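Just so it is clear, none of the values below were taken in a lab; they were calculated from the coordinates. Note that the structure is predicted; figures quoted are calculated from it, not measured.
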Amino acid sequence: MLWVVLEDILEGIIQPDIETGSSSNHIEMLQKLYGPKLYKCCFPSCEASSEAGFETSAQRQLHEHKHARPYKCLSEDCTFKEVGFATTAALQHHQNEHHNDALAQRKRKARNIKA
């Protein structure tokens, strides 16, 4: 992805200066062009990919984790088996709202198979 390459180049320029707390012409020039928050989200549809942003790489990484949606629905025929959820709480809410009976039946079947 071109975006990742550009991001790596940009961070290579600004990271040493931000870590030492010193100001350089590079950071000042970049901040004039892109605003004070130079770390942008890599997901193009996210507001933080252009307008907003983050002051540090760590803040951006924490934000981008929300896009990953690692918590998948267990129901075989559910769209959210692939799409997933950003938090376990969101997954649990979805399961309670949409699959409570179906999941209970699967758990009973799984217990019977193991026995």
Using 0.36 nm times the number of residues separating HIS93 and MET29, minus their current alpha carbon distance, what extension gain do you get? 18.4 nm
By how many nm would the segment from VAL83 to GLU47 lengthen if fully extended, with 0.36 nm per residue of separation less the alpha-carbon distance? 11.0 nm
